[in-house]
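Visitor: Take this structure, written in structure tokens, and hold onto it; I'll ask about it next.
The values are calculated or read from the model by the stated rules, or taken from the named source; none is laboratory data. Bear in mind the structure is a predicted one, so any value in this text is a computation, not a measurement. No Cβ is skipped: glycine too gets one built from the backbone with ideal geometry, and neighbour counts run over all protein chains shown.
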Amino acid sequence: MSFVHVTAGAASNPGFVLYSAQGYDSAMVKAFNATHPGFTVTLNDNSTGPLLQQIQAEGSNPKWGALWVDGAAAFAELDKKGMLVKNSVPSVSFNALGSANVPTDKSFTPTGLTVVGALCYDSSQVSAGQVPSTWAQLTETQYQGLGMNDPSQSGPTFPLIAGVMTYLAKYKSGSPAHAVKVGEDYFKSLYQNALVVNATNGVTLGAMASQQISMAIIQSSACYGDILNGSFPTLKVKYLNFSVALPSVIGIDAKQPPIVRKDAKKFVAWVMSRAGQHAMQLGDPQGDSLFWPVIQGEKPSNAIIPSLASTHAITINPYVWGPLESRINTWFDDTIVNG
Amino acid sequence: MIVETAPLAPPRDGRRRPHASGLAIGAVLTLLIVAPVVSFLLLAVSPRMFQQGPQWFTLRFISGAFSGNTDRGIINSLWVSTLVAVLAVSLATTLAWLIHRTNILGRRVWAVGMWVLLLVPSWMMTLGWTDLLQPFGAANAVGLNTRWLYGEFFGPMGIVIVLTTVALPFAYFIISAGLQGLGPEYEDAARIHGATRWLTLRTVLPMIAPALLSALAISFAETMSDFGVAFTLGYHSHFPLATYTLFAAIDNYPANFSIAAVIATVLILSTVPPIALQSRVMRSRTYAQLSGRTQAPRRREFRPRIRILATAAVAAVFFVALGVPVLGAVVGSFVRNLGTYSPTGVHFTWLYYSQIFHPSISGKSIGAPLLLSNQLGLVVATGTGVLAVVLARRLVATRGGWSQRVTDVFLLGSVAVPGVVLGVGYIFFYNLSFITRDVINIYKTLPLLMLALVASALPGQTRFMAGPVSQIQPSLNEAARVHGAGRFAAWRAASLPLMSRILLWGWLLTFTKTISELAIAQILYPPSQEPASVTIQAYLANFNPGTGTAMTVLTLAEMLGVIVIALGLYRAVTPRGWQRVGWSGVQT
Amino acid sequence: MSDVSGAVGLAMTGLTKVFGDKIALSDVSIEIDPGTFLVLLGPSGSGKTTLLRCLAGIERPTSGQIVIGSQVVAGPRVFVEPERRGLAMVFQDYALWPHLSVRKNITFPLLRSALTTSDRDARVNDLLERVGISALADRFPNQLSGGEQQRVALARALAGHAGLILFDEPLSNLDADRREQLRIEIATLTRATGATVVYITHDQSEAFALSDRVGVLNQGRLVQFNTPEVIYRQPANAFVARFTGVAGEFRVESLRPCGENRYEVALPFAPDLRIEAVATEDLGTPREVSLFVRAAGVSLCGADDVGGARGVVVDVAFNGRGYEHVVSVGEGASLSKVFATTRYDRLSPVKVHFDPASCLVMESKGI
């Protein structure tokens, strides 16, 4: 059992603590520490929920040096409170979706993309021809009993809902009130079409596997993971007329001393380098490593993953939708889950 | 244990202890429990206190908590906890009477079974039930169709049933201790004056009213604070419970700690009425002493047919409460892709067990986490045991009066604090700048996690020990002192032997609770030192439920193994005289 | 002759103990020589248990001083822990350690002594023999009867050759015949050791049978301290008189002195009768005065007898040696424990004679 004390102002470089929920994080940190003597990155791996609770509870006496989770909404919030180091994005050539997910003040960096709103279906229950192609079709009675996750339990699901609202209302900027209304109506009609809500990706896939439902809209990496690890061989993935890009994002704590921020920047730069990106793809081969790179010219780790273009992924603005997450999740819980 | 008897000696002076030890205990409790919990609760009205909002004082969160889902959660929790408490106490009283006062078969087995029931955490129970009853679950794998039960189970009925089995052992131990102190003379007096058997029972049962009330209060508090069932069954059945809504309030980012604080305050305050009721009924009666001279109660001798029936009934209760979920989890862990429809039928496999130490996907092995959890369990159980003895003696020594009642309320209220509140409260308090800078910097270290785990286990273990500790005659210790033994030597010679078994069982209880504790572990574990409960949860929720279930079964088996070894060691190491006396959990 | 390491004297000065707002002991001062058998007598709540516990060191006095032998064990700046006072104690509930055998219970006080193991065993065997429980040596307390347990407690108290032995109502939980037996054993065994004894009880006959000195306590105060004879014959006040056994107590109508410490009293129920009684205090100033009659000073005879007060037998009980009667002598006035070798039946008229030596007159409210 070892104790960790983060003491500021130590003579040697104390390194920093990385709060991360990513499946490849321990492989990444190990690789980085092995090749970068001078300071140590200490990994605080946990699920996203507890990490964010820790950060929030730590308040103005933070212990985290950098945060690395899926979804940008939390980072938008942190940025608004001035808790992120601005201009911390390393200079790499992002692809289109990558650039779209870099904020104007460059306070956080997208490190990869998954997609939510992938339509996963059980090919032993429905054939390819029986699967819808558009979101509008999901409200039709022939596609009754669709499954999805509960946004208050499943982190990637709120961005999906925000994406649906954005797309259906063609929201670009300004007040999102109208888009919210349009989206709420849409989900209400799904609800009336016997929508089945489960907690997380794993549980929804389980419901499909036990034939309670035959298709669901969930996160791409979860579907590919189940296909690859053999637990759900008949699972297939289709992308409808749009889906929502969910970046994995890393940001640096502005309240840390300069030396710590510098160390964190070095780490982020390494993550975005070729070596780092490859390490990401090897670190969790049947889980989080099943992402689309945000860097031009890089390919996904596994042939099972189709081209990014085929996903019709759109980006949502975390600064707009982040603040609405609590309200919309509560609405969803009250109206759809417990309705 | 709390039985009215004629005082054997005039009242002792509880205030003769030097004031310093009282202050020391107060300081320890403040640092362990009060400061972190109050830090969290203050956010209910003052979010700015810990930079969680702009207001120094506001009531909007209080009104916010009593609306929508959170309001439903509070109301559901209140009536479910009341119902569960009544059910658990009724069932526990019946079982206690059957096991201690009749000649049913296998009494030892049932007494031990009650212990196992106590030690298995609620989330493992619900895992077992879910594994068993879900479509293509364990029941299906052995050829039973339970689809009709599944829908019923994932609703208020299932919740009440599982929560009752969780509360049952708490109620049972308190009531059986009370029953054991009830001599046969009271029943004899009733029978001689013409009472039927039923009337005798009704006459005599109120004599253990203090034990019944205590059991009701603690069943209520434990149920209010239960998270395992609320999170799984409650969520699935769209039947929100307060602990779940509390969790939901902080699971978003930004977390709404203030609403959570209001809910937590309601949970804690909800334990005040049961204590007040207990106080009123008992008035000035407090924990009374029983000497070693209490006669052994007589057993009701059933005729053979009734005997078999009664034994079968008890067996059925244990089967449903314990056997079913454990079997569900164990069988489930051997079924390939449990819960999945497989066109080729059911396959049993060792696959998941082979993966727990060498996972094929990039999840973590359970090896290091389980070792860490055992180490934590060792330290936490020992620390809690020492503190609990000190607190229990104090609780028992101060007779009647407001200080005992305050301690009682405090301890019961602490039982009602959900683990996540304690965990986040620890961050608030121990990460305060002036604390980390000038006092002690232990946030994000194992010592802090251990402190929080001790804080979580202490109230329950103190109440657990208070009864048996109160039954030790003070004169035994005094006799040792007068005849030449110093303070510690006298305690070791006179009190320790009588307490040794309760100490052992209390230790085991906290040891197992620590290994299975999830909420605090999740929020406070230090970097790269993940306890087993967190690993298991990650598997169950995200990676691979099959491996997660296998890990759960392994952990349960390991906990039971430790218990068996500990009991064996106790038997081997302690003098014969110790094993004859004092409280025995499995005495029948 | 005595095998005590050193019988010790005992001196308590101004001993006071307060529990919150309750005064358990108030300014008690007693001094006894080594080897004295002191009995503290009083009703429950009189403070005798508190006093004993203060002597033992289990309770800390609020003020006052306790000297055992030449050692100040409790005082304004001194408090000696129980284990260093060199005492032994027999408890009301026996306080035998249930996990230790009889032998081990008795050996306990010797564990910290300088004796070798064989000497220790020899002493324990000797005690087992003396107390008559050799056959029970390897049993455990819960296998013994009440009387046997108390014997073990006694043996334990004697084992360490303590200079001061304390007894906390040791006979009160025993049945009548055992009580007598054990009282005799306590008396003989402790006197054989020559140790100083402080023994508390609420039973007056027990107190008188055992003691060299008696201290009567009431509501925390020491009311009288003297030999049993003086206490019996010259009780300090009405409380002591009552507590040490009166057959009857009657309000006095009038009195007139008739000798040194003697008065002639008139009683409401027998206006013509004049009874001579002894006074233990000056009754010059007018106040409410009562006559206290000891049972030994009352004799019964037939209704035709000359003199005496008239009465009617209310109850009669055979006690082996003769008969004890309860005689009603007037409205609400009766005498109990009136002994006669012949039996007077219930409701038979009788005459009652009073022996002046056993009649005491004193202030009614004296406590």
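Visitor: So, A:Q277, is that one in contact with an Asp or Glu (Cβ under 9 Å, 6 or more places away or on another chain), part of a helix (DSSP H, G or I), polar (S, T, N, Q) and outside the structural domain of A:A128 (by TED's automatic domain parsing) or not?
Guide: Working: in contact with an Asp or Glu (Cβ under 9 Å, 6 or more places away or on another chain): yes; part of a helix (DSSP H, G or I): yes; polar (S, T, N, Q): yes; outside the structural domain of A:A128 (by TED's automatic domain parsing): yes.
Spelling it out, A:Q277 is indeed in contact with an Asp or Glu (Cβ under 9 Å, 6 or more places away or on another chain), part of a helix (DSSP H, G or I), polar (S, T, N, Q) and outside the structural domain of A:A128 (by TED's automatic domain parsing).
Residue-wise test of (1) of a type in the set (S, T, Y); (2) more than 24 Å from B:F429 (Cβ to Cβ); (3) within 10 Å of chain B (Cβ to nearest Cβ).
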site	(1), (2), (3)
A:Y24	yes, yes, yes
A:L43	no, yes, yes
A:G59	no, no, yes
A:L67	no, no, no
A:F94	no, yes, no
A:S107	yes, yes, no
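Visitor: Among the residues of the range C:133-153, write down those that are without any contact (Cβ under 8 Å) to a residue 40 or more places away in the chain and more than 16 Å from C:E185 (Cβ to Cβ).
Guide: Those that are without any contact (Cβ under 8 Å) to a residue 40 or more places away in the chain and more than 16 Å from C:E185 (Cβ to Cβ): C:A135, C:A137, C:D138, C:R139, C:Q143.
Visitor: Here's another thing I want to ask about it. Can you find even one residue in the range A:75-96 that is of a type in the set (F, W, Y) and buried (at least 21 other Cβ atoms within 10 Å of the Cβ)?
Guide: yes
Visitor: Moving on. If only one of A:K266, A:K238, A:K262 is of a type in the set (K, R), assigned by TED's automatic domain parsing to the domain that holds A:A136 and surrounded by fewer than 23 Cβ atoms within 10 Å (Cβ to Cβ), which one is it?
Guide: Working: A:K266 fails: assigned by TED's automatic domain parsing to the domain that holds A:A136; A:K262 fails: assigned by TED's automatic domain parsing to the domain that holds A:A136.
Criteria check complete, one pass: A:K238.
Visitor: Going by the conditions given, is B:P359 within 14 Å of another protein chain (Cβ to nearest Cβ), assigned to a helix (DSSP H, G or I) and either modelled with pLDDT under 95 or closer than 22 Å to B:T94 by Cα (or both)? Give the steps one after another, and end with the answer.
Guide: On the way: within 14 Å of another protein chain (Cβ to nearest Cβ): yes; assigned to a helix (DSSP H, G or I): no; either modelled with pLDDT under 95 or closer than 22 Å to B:T94 by Cα (or both): yes.
So B:P359 does not fit the description; no.
Visitor: Only one of C:A195, C:A187, C:A209 is touching a Lys or Arg at 6+ places or on another chain (Cβ under 8 Å) and more than 12 Å from chain B (Cβ to nearest Cβ). Can you tell me which? So that I can check it myself, show each step before the final result.
Guide: Values: C:A195 fails: touching a Lys or Arg at 6+ places or on another chain (Cβ under 8 Å); C:A187 fails: touching a Lys or Arg at 6+ places or on another chain (Cβ under 8 Å).
Unique residue meeting the criteria: C:A209.
Visitor: Now a separate question. Output yes when any residue across the range B:189-202 is touching a helix residue (DSSP H, G or I) at 6+ places or on another chain (Cβ under 9 Å), in a helix (DSSP H, G or I), touching a residue at least 40 places away in the same chain (Cβ under 8 Å) and polar (S, T, N, Q), and no when none is.
Guide: No, the range B:189-202 has no match at all.
Visitor: Got at least one residue in the range A:308-320 being of a type outside the set (F, W, Y), within 30 Å of A:G230 (Cα to Cα) and either buried (at least 21 other Cβ atoms within 10 Å of the Cβ) or within 11 Å of another protein chain (Cβ to nearest Cβ) (or both)?
Guide: Within the range A:308-320, one or more residues are of a type outside the set (F, W, Y), within 30 Å of A:G230 (Cα to Cα) and either buried (at least 21 other Cβ atoms within 10 Å of the Cβ) or within 11 Å of another protein chain (Cβ to nearest Cβ) (or both).
Visitor: Considering each residue of the range A:116-172, count those that are in contact with a Leu (Cβ under 9 Å, 6 or more places away or on another chain), among the β-branched types (V, I, T) and surrounded by fewer than 16 Cβ atoms within 10 Å (Cβ to Cβ), and give that number.
Guide: The number of residues fulfilling the criteria is 1.
Visitor: For the range A:147-196, which residues satisfy the criterion of being part of a helix (DSSP H, G or I), of a type outside the set (A, V, I, L, M, F, W, C) and either more than 14 Å from every other protein chain (Cβ to nearest Cβ) or touching a Ser or Thr at 6+ places or on another chain (Cβ under 6 Å) (or both)? Break it down into steps so the answer makes sense when it comes.
Guide: We begin by selecting, within the range A:147-196, every residue part of a helix (DSSP H, G or I); these are A:157-168, A:177-192.
Now narrow it down to the ones that are of a type outside the set (A, V, I, L, M, F, W, C): A:157, A:159, A:163, A:166-167, A:178, A:181, A:183-186, A:188-189, A:191-192.
Once the filter is applied, which keeps residues that are part of a helix (DSSP H, G or I), of a type outside the set (A, V, I, L, M, F, W, C) and either more than 14 Å from every other protein chain (Cβ to nearest Cβ) or touching a Ser or Thr at 6+ places or on another chain (Cβ under 6 Å) (or both), the range A:147-196 yields A:G163, A:T166, A:Y167, A:H178, A:K181, A:G183, A:E184, A:D185, A:Y186, A:K188, A:S189, A:Q192.
Visitor: A:I305: more than 12 Å from chain B (Cβ to nearest Cβ), within 19 Å of the chain's Cα centre (by Cα), over 30 Å from A:S189 (Cβ atoms) and buried (at least 18 other Cβ atoms within 10 Å of the Cβ), yes or no? Break it down into steps so the answer makes sense when it comes.
Guide: Details: more than 12 Å from chain B (Cβ to nearest Cβ): yes; within 19 Å of the chain's Cα centre (by Cα): yes; over 30 Å from A:S189 (Cβ atoms): yes; buried (at least 18 other Cβ atoms within 10 Å of the Cβ): yes.
Judged against the criteria, A:I305 is a match.
Visitor: Hey, another quick one. Cβ contacts < 8 Å: first residue farther than 13 Å from A:E184 by Cα, restricted to the range A:160-172; second residue not hydrophobic (A, V, I, L, M, F, W, C), any location; separation 6+ or different chain. Result?
Guide: These pairs meet every condition: A:Y171/A:H178.
Visitor: With respect to C:T50, determine if the residue is farther than 22 Å from C:T190 by Cα, out of contact with any helix residue (DSSP H, G or I) (no Cβ under 9 Å at 6 or more places or on another chain) and at the interface with chain B (Cβ under 10 Å from one of its Cβ atoms).
Guide: On the way: farther than 22 Å from C:T190 by Cα: yes; out of contact with any helix residue (DSSP H, G or I) (no Cβ under 9 Å at 6 or more places or on another chain): yes; at the interface with chain B (Cβ under 10 Å from one of its Cβ atoms): yes.
When the stated conditions are applied, C:T50 passes them.
Residue-wise test of (1) surrounded by fewer than 24 Cβ atoms within 10 Å (Cβ to Cβ); (2) in the same structural domain as C:V152 (by TED's automatic domain parsing); (3) over 23 Å from C:N218 (Cα atoms).
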| residue | (1), (2), (3) |
| --- | --- |
| C:G14 | yes, yes, no |
| C:K22 | yes, yes, no |
| C:I32 | yes, yes, no |
| C:L40 | no, yes, no |
| C:R53 | no, yes, no |
| C:I58 | yes, yes, no |
| C:S70 | yes, yes, yes |
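Visitor: Another question, if that's okay. Would you tally the residues in the range B:362-383 being within 28 Å of A:Q22 (Cβ to Cβ) and at pLDDT 80 or above?
Guide: Just the residues of the range B:362-383 that are within 28 Å of A:Q22 (Cβ to Cβ), to begin with: B:362-373, B:375-376.
When the remaining residues are screened for being at pLDDT 80 or above, the result is B:365-373, B:375-376.
Summing the residues that are within 28 Å of A:Q22 (Cβ to Cβ) and at pLDDT 80 or above in the range B:362-383 gives 11.
Visitor: Evaluate the range C:228-244: report whether one residue or more is part of a strand (DSSP E or B), among the aliphatic types (A, V, I, L, M) and either at pLDDT below 95 or farther than 23 Å from C:T50 by Cβ (or both).
Guide: The answer is no; no qualifying residue exists.
Visitor: Could I ask something else about it? It is to be established whether one or more residues within the range B:9-24 are more than 10 Å from every other protein chain (Cβ to nearest Cβ) and at pLDDT 85 or above.
Guide: no
Visitor: Regarding the range A:65-87, can at least one residue be identified that is in contact with a helix residue (DSSP H, G or I) (Cβ under 8 Å, 6 or more places away or on another chain) and without any contact (Cβ under 8 Å) to a residue 12 or more places away in the chain?
Guide: no
Condition check ((1) small (G, A, S); (2) surrounded by fewer than 21 Cβ atoms within 10 Å (Cβ to Cβ)) across all residues:
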position: C:V152; (1), (2): no, no
position: C:L174; (1), (2): no, yes
position: C:A195; (1), (2): yes, no
position: C:T201; (1), (2): no, no
position: C:A209; (1), (2): yes, yes
position: C:G220; (1), (2): yes, no
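Visitor: Could you say whether any residue in the range B:138-150 is in contact with a Gly (Cβ under 8 Å, 6 or more places away or on another chain), over 29 Å from B:V415 (Cβ atoms) and surrounded by 24 or more Cβ atoms within 10 Å (Cβ to Cβ)?
Guide: yes
Visitor: Any residue that is over 24 Å from A:G287 (Cβ atoms) and in contact (Cβ under 8 Å) with a residue 40 or more places away in the chain - is there at least one of those in the range A:147-159? Spell out how you get there, then give the answer.
Guide: Our first condition is that a residue be over 24 Å from A:G287 (Cβ atoms); within the range A:147-159, this holds for none.
No: the range A:147-159 contains no residue that is over 24 Å from A:G287 (Cβ atoms) and in contact (Cβ under 8 Å) with a residue 40 or more places away in the chain.
Visitor: Hey, any hits in the range C:302-317 for a residue that's out of contact with any Asp or Glu (no Cβ under 7 Å at 6 or more places or on another chain) and either of a type in the set (S, T, N, Q) or outside the structural domain of C:L255 (by TED's automatic domain parsing) (or both)?
Guide: There is no residue in the range C:302-317 that is out of contact with any Asp or Glu (no Cβ under 7 Å at 6 or more places or on another chain) and either of a type in the set (S, T, N, Q) or outside the structural domain of C:L255 (by TED's automatic domain parsing) (or both).
Visitor: Here's a follow-up. Do you know which residues across the range B:431-456 are over 21 Å from the mean Cα position of the chain (by Cα), assigned to a helix (DSSP H, G or I) and more than 10 Å from chain A (Cβ to nearest Cβ)?
Guide: Just the residues of the range B:431-456 that are over 21 Å from the mean Cα position of the chain (by Cα), to begin with: B:431-448.
Within this subset, residues satisfying the condition of being assigned to a helix (DSSP H, G or I) are B:433-439, B:446-448.
Scanning the range B:431-456 gives B:D438, B:V439.
Visitor: Restrict the check to the range C:149-161 and report whether at least one residue is under 29 Å from C:G69 (Cα atoms) and away from chain B (no Cβ under 14 Å).
Guide: The initial filter retains those residues of the range C:149-161 that are under 29 Å from C:G69 (Cα atoms), namely C:150-161.
With the extra rule that they be away from chain B (no Cβ under 14 Å), the set shrinks to C:151.
Within the range C:149-161 (the criterion being under 29 Å from C:G69 (Cα atoms) and away from chain B (no Cβ under 14 Å)), the answer is yes, since at least one residue qualifies.
Visitor: Let me spell it out: the conditions are (1) modelled with pLDDT under 90; (2) assigned to a helix (DSSP H, G or I); (3) of a type outside the set (G, A, S), and B:Q52 meets all of them except one. Which number is the exception?
Guide: (2)
Visitor: Keeping to the range B:443-472, report how many residues are buried (at least 24 other Cβ atoms within 10 Å of the Cβ) and of a type in the set (S, T, N, Q).
Guide: The total comes to 4.
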